[in-house]
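Here the structure comes first, spelled out in structure tokens, and everything after it is commentary.
Read the figures in this text as sums done on the coordinates, not as results from a lab. Model, not experiment: these values are computed from the prediction. Cβ sites come from the backbone with ideal geometry, for glycine too, and all protein chains shown count toward neighbours.
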Amino acid sequence: MIGGFFLHALDAAAAKLALFSVRFRDDILILAPTRWQLRGAVKVVNQTLGALNLEKHPDKTFIGRIKRGFDFLGYHLSPAGLSVAKQTIENFIEKASRLYEQERRAASAAGSPFEMYVMRWLQWANSGMIVPGAVLGASQIRSRAAPSQMRRESLLHRPGQHKFISCQMI
């Protein structure tokens, strides 16, 4: 909640750009139809973050064409559709493996932290998949395969919006 107040200046600056922008906590996404508008947006974001003594995380900042796809809030958006991001699945597998090993050593009872984590993660992953019947199952996690692409109308199919900036502050 404090971040919302702190980043109000960034929200106001993004609104003045007259471009599509969305921010959730410290994650920002701005879509622009031209390279020049995108460069202007990058400049405004950098200036605003600089004035707040913040900087973009270098590993989590992406500037490029929408048609190549991008990750935002744990999902991968591309012209092919929406899926859970590869890094999100890798992070899930790593944490679930640690919980499983801890549980195995402790021989705990039902309702284990591992089971709760897997159930809640699957609930989160499926909640972002707006398509009825599109469900990420445990078999996709076990096989370490990326989830199937799910086609749907999204921001990616809007004409004229070809470039984006997505960044996270540190």
Quiz item: Quick check: is even one residue across segment 47-64 over 28 Å from Gly4 (Cβ atoms) and in a strand (DSSP E or B)?
Solution: no
Practice problem: Give segment 60-114 a look and list any residue that's exposed (fewer than 15 other Cβ atoms within 10 Å of the Cβ), over 26 Å from Ala41 (Cα atoms) and charged (D, E, K, R), or say none. | Solution: Lys86, Glu90, Glu94, Lys95, Arg98, Glu101, Arg104, Arg105
Quiz prompt | Residue list for segment 1-34, filter: in contact with a strand residue (DSSP E or B) (Cβ under 8 Å, 6 or more places away or on another chain) and either part of a strand (DSSP E or B) or farther than 22 Å from Phe62 by Cβ (or both) | solution = Phe20, Ser21, Val22, Arg23, Asp27, Ile28, Leu29, Ile30, Leu31, Ala32
